[in-house]
1. Being within 20 Å of T96 (Cα to Cα) and polar (S, T, N, Q) is the filter here; which residues of segment 26-85 pass it?
2. Is one or more of the residues making up segment 73-87 touching a strand residue (DSSP E or B) at 6+ places or on another chain (Cβ under 6 Å) and of a type in the set (G, A, S)?
Amino acid sequence: MNTGVANMAEEKPKEMPLKEEMPKKEGPRKEANVVFIGKKPVMNYVIACLTFFNSGGSEVCIKARGRAISRAVDTVEVLRRSFLKNVSIKGITIGTEEVSREEGRRSNVSIMEITLVKQESK
């Protein structure tokens, strides 16, 4: 009766490749401490910023394009006025990106980056 168990133990299971052997995806590098603003509610982005600051980060960059720019400004204002009084704006960068649309058309989209810095409390 034990011979069946011994035969099963002799079979080797299929080996999974190690993490090093897995092919790496080539794509845009995800930056640390960057919050990309999209279509979600403002509070979701405020919580993301709070998470970065509470995990020890002293700087967060908020990036938005097009219609999401107003949501990025709202996120910064809610964060500064309601949650973290010791956060200040380090810099604001604005610009334009060229984007490919359907039918191969190209159009310009406004972009904005707001960098926030947490001041050390005394």
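Read the figures in this text as sums done on the coordinates, not as results from a lab. Note that the coordinates shown come from a computational prediction; the quantities given were computed from them, not determined experimentally. When we count neighbours, we look across all protein chains shown, and the Cβ atoms used for this are built from the backbone with ideal geometry, even at glycine.
1. The answer is S70, and nothing else.
2. no
Per-residue answers, yes or no, for (1) touching a Cys at 6+ places or on another chain (Cβ under 7 Å); (2) hydrophobic (A, V, I, L, M, F, W, C); (3) touching a residue at least 24 places away in the same chain (Cβ under 8 Å); (4) surrounded by 11 or more Cβ atoms within 10 Å (Cβ to Cβ):
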| residue | (1), (2), (3), (4) |
| --- | --- |
| Y45 | no, no, yes, yes |
| T51 | no, no, no, yes |
| K63 | no, no, yes, yes |
| R71 | no, no, yes, yes |
| E77 | no, no, no, yes |
| N86 | no, no, yes, yes |
| K90 | no, no, yes, yes |
| V99 | no, yes, no, yes |
| T115 | yes, no, yes, yes |
